[in-house]
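The values are calculated or read from the model by the stated rules, or taken from the named source; none is laboratory data. These numbers were taken from a predicted model, which means no experiment stands behind them. Here the Cβ positions follow ideal geometry from the backbone for every residue, glycine too, while neighbour counts run over all protein chains shown.
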Amino acid sequence: MSCVLWWVRDDLRLHDNQCLSGLQHGDRLLPVAIWPTATPPVEIDCVPLGFPRSHTRRLAFRQQGLLALREQLRARGSDLLLLEGEARVQLAELAALVGAELLRCSHATGSEEVAEQAALQRMLAPLGLRSQIIWQHTLVPPDALPFAPDALPRVFTTFRTQLEKVWHGSPALPTPAQLPELPTLPSEYWAQSEALAANPIPPAAADPRSAFPFAAGERAALARLDQYVFQRRALGHYKETRNGLLGHDYSSKFSPWLAQGSLSARQIHAAVRDYERQFGSNASTYWLVFELLWRDFFEFTAARHGPALYWRGGIQRKTRAWRHALSDFQRWCQGETGDDFVDAGLRELATSGYLSNRARQNVASFLVHELGIDWRWGAAWFEHHLLDYAPASNYGNWQYIAGVGNDPRPLRRFDTQAQAQRYDASGSYRAQWLDAAWQSSLG
């Protein structure tokens, strides 16, 4: 019999969770998470940008995901202990208190997160506590890659074509029917946990225009997976609609749950294969897996390059004279650039915490190529707002647009006027997010 601490990070689920596998009868399991609180203000190269790292909407979504996981655990006779403070200090104290022999957690690819888990391992080692850092946030496991991590291709197409020759899927783990008992813990710990859970950040008022009206948590994620893939069969035309701007079903909307780990990439892949067995495969079923591989590519790139994910020159170490004009940046943030397509996207982001991939590319291109402003400022603004924020995808995509990352092209500039004509010819998207004066100009 052993006692295991499960440090819940970005794996807020019971399905397909390797942290819960291999536990023996008689073991004790203590799930524990650090309760998210206000984040420090953003400062880049000693320039304060005027906003914290996380908007309260994003913090609230994280808290809601943790509370949803707690409900799932309680339904199986377990619980989730919520703590405040520095993870390594809290977890080390807790491990000694309950006599834990093993700590399990999911691997993270952001350099700060990697440093946090390394510091925790150093603190736990003298206590005789083993730790397992489990890579489980990608569709493809690292040991299935046809190349060494330090030989990762710089271009996605090379990564994908080499991978598709050798990898054909990894099965998702089932949800455990039951979980080990909790270890004995002083009652004040559970009382403090209850106090935190009883006072979450109130969720933002729902905006009927939002493309992401869904709740946090595993149940909501699995319900959306079933709805999108099987009930509405929207998967069957994903490739044709994925560049949409309005509505709930132009894309899957899986990304916020993927970012929190409430939904695993392997569970999505299993659903796609199930759909194909029932209804047949087509370009759209392939394309959803294609997008999951893009996500993996950014994750493996971040793991290889570490802190270069956040460098001004990116993973290419390029030198460019960026502008650091706060007034122009603030107008961009507020959706007051004068480009109506860009402004509509930025207002949607600030209002809802969500933005389509097509709109993200356009607003990012405008900041980088029209205003010439440091791409890291835009990445930080996205990090502040996005419910689906993940370090690798966010900063990797921004580097891609800025020409300092994985893009083989020297310049990826979007003509926002042409994009508006192509993807919002009727003006419906701009009418939805811009003010009445602009709407009246449509006639």
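Looking only at the range 365-376, decide whether some residue is assigned by TED's automatic domain parsing to the domain that holds F329, within 18 Å of L245 (Cα to Cα), out of contact with any Cys (no Cβ under 7 Å at 6 or more places or on another chain) and not hydrophobic (A, V, I, L, M, F, W, C). Yes - at least one qualifying residue is present in the range 365-376. A search for C-beta distances below 9 Å between a residue of the range 262-291 that is touching a residue at least 12 places away in the same chain (Cβ under 8 Å) and not assigned by TED's automatic domain parsing to the domain that holds Q231 and any residue that is buried (at least 22 other Cβ atoms within 10 Å of the Cβ) and outside any helix (DSSP H, G or I), counting only pairs 6+ apart in sequence or on different chains, returns nothing. Reported count of residues in the range 164-176, each being under 23 Å from the mean Cα position of the chain (by Cα), surrounded by 13 or more Cβ atoms within 10 Å (Cβ to Cβ) and not polar (S, T, N, Q), is 3. For the range 235-254, taking the residues that are in contact (Cβ under 8 Å) with a residue 40 or more places away in the chain and assigned to a loop (DSSP other than H, G, I, E, B), the one that is nearest to L69 (Cα to Cα) is identified as K253.
Inspect all residues belonging to the range 185-201 and state whether any of them is at positive phi and modelled with pLDDT of 95 or more. Walk me through it before giving the result.
Of the range 185-201, the ones at positive phi are none.
No, there is no match, as no residue in the range 185-201 is at positive phi and modelled with pLDDT of 95 or more.
So, G22, is that one in contact (Cβ under 8 Å) with a residue 24 or more places away in the chain, assigned by TED's automatic domain parsing to the domain that holds L83 and not aliphatic (A, V, I, L, M) or not? So G22 does not fit the description; no.
Among the residues making up the range 221-232, those that are touching a Leu at 6+ places or on another chain (Cβ under 9 Å) and either within 19 Å of G65 (Cα to Cα) or in contact (Cβ under 8 Å) with a residue 40 or more places away in the chain (or both) are A221, L222, R224, L225, V229.
Taking L349 as the residue in question, decide whether it is touching a strand residue (DSSP E or B) at 6+ places or on another chain (Cβ under 7 Å) and either at pLDDT below 95 or part of a helix (DSSP H, G or I) (or both). Steps first, please.
Values: touching a strand residue (DSSP E or B) at 6+ places or on another chain (Cβ under 7 Å): no; either at pLDDT below 95 or part of a helix (DSSP H, G or I) (or both): yes.
Here the answer is no, as L349 does not meet what is asked.
The set of residues from the range 205-232 being acidic (D, E) and either exposed (fewer than 15 other Cβ atoms within 10 Å of the Cβ) or in a loop (DSSP other than H, G, I, E, B) (or both) comprises D207, D226.
In the range 206-219, the residues that are over 18 Å from S251 (Cβ atoms) form Cβ pairs under 8 Å with partners that are of a type in the set (K, R) and assigned to a loop (DSSP other than H, G, I, E, B), at six or more places apart or across chains, as follows: E218/R13.
When the range 98-153 is filtered for residues that are over 24 Å from the mean Cα position of the chain (by Cα), without any contact (Cβ under 8 Å) to a residue 12 or more places away in the chain and not in a loop (DSSP other than H, G, I, E, B), the ones remaining, listed by number, are R122, A125, P126, A151. In the range 292-340, which residue that is without any contact (Cβ under 8 Å) to a residue 24 or more places away in the chain and outside any loop (DSSP other than H, G, I, E, B) is surrounded by the most Cβ atoms within 10 Å (Cβ to Cβ)? Result: H305. Being out of contact with any helix residue (DSSP H, G or I) (no Cβ under 8 Å at 6 or more places or on another chain) and crowded, with 21+ Cβ neighbours inside 10 Å is not true of D415. Might you let me know whether the range 255-265 holds any residue that is surrounded by fewer than 19 Cβ atoms within 10 Å (Cβ to Cβ), outside any loop (DSSP other than H, G, I, E, B) and either β-branched (V, I, T) or at pLDDT 95 or above (or both)? Checked against the condition, which is being surrounded by fewer than 19 Cβ atoms within 10 Å (Cβ to Cβ), outside any loop (DSSP other than H, G, I, E, B) and either β-branched (V, I, T) or at pLDDT 95 or above (or both), the range 255-265 yields no hits at all.
Out of L179, L235, L196, which single residue is over 30 Å from I268 (Cα atoms) and surrounded by 12 or more Cβ atoms within 10 Å (Cβ to Cβ)? Steps first, answer last, please.
Values: L179 fails: over 30 Å from I268 (Cα atoms); L235 fails: over 30 Å from I268 (Cα atoms).
Selected residue: L196, the only one of L179, L235, L196 that is over 30 Å from I268 (Cα atoms) and surrounded by 12 or more Cβ atoms within 10 Å (Cβ to Cβ).
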